[in-house]
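Comments concern the structure below.
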Amino acid sequence: MAVTREQQQAGTLDIIDCGLADYSEILSEQHELCSKRRLGQIGDTVLVVEHKPVITLGARQSANKVVLDKDELAGKGIDVVEIRRGGGTTAHNPGSLSFIRLSISKSFTWE
């Protein structure tokens, strides 16, 4: 279902509570929703998620510092995911909320 012009102008924001979830699953959902947002099929949306234990390795490989290897981390219930954005290593843990904004920036002028 496409978003109407009235909905876009109303400044509405959909909030999706993803609960406790795997990082990779939410990343996949995020890519799908981004495509829908670009096509105007959904309005501006925020995903609220608490990730299961995961370490993300950012695009700047030289900034990724992990002391244990992936097998040792997996043995401790910690997933490791390589991502295209960000700088270096980031730990995401239960108890920390992430807010992921999916919107189209609107141009504006200073008056």
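The values are calculated or read from the model by the stated rules, or taken from the named source; none is laboratory data. Model, not experiment: these values are computed from the prediction. All Cβ positions, even for glycine, are placed from backbone atoms using ideal geometry, and neighbour counts span all protein chains on display.
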**Asked** Which one of the conditions (1) at pLDDT 80 or above; (2) of a type outside the set (S, T, N, Q); (3) out of contact with any His (no Cβ under 8 Å at 6 or more places or on another chain) does Lys106 fail to meet, given that it meets all the rest?
**Response** (1)
**Prompt:** Do we find that Ser35 is assigned to a helix (DSSP H, G or I) and under 22 Å from Asp79 (Cβ atoms) in this structure?
**Reply:** no
**Request:** Filter segment 19-64 down to residues that are acidic (Asp, Glu) and touching a Leu at 6+ places or on another chain (Cβ under 6 Å) and give me whichever is modelled with the lowest pLDDT.
**Result:** Asp44
**Request:** Could you tell me whether any residue of segment 53-70 is of a type in the set (Asp, Glu), on the phi < 0 side of the Ramachandran plot and touching a residue at least 60 places away in the same chain (Cβ under 8 Å)?
**Result:** no
**Message:** I'm checking my understanding of the structure. Among residues of segment 16-52 that are within 19 Å of Glu82 (Cα to Cα) and among the aliphatic types (A, V, I, L, M), which one is surrounded by the most Cβ atoms within 10 Å (Cβ to Cβ)?
**Reply:** Val49
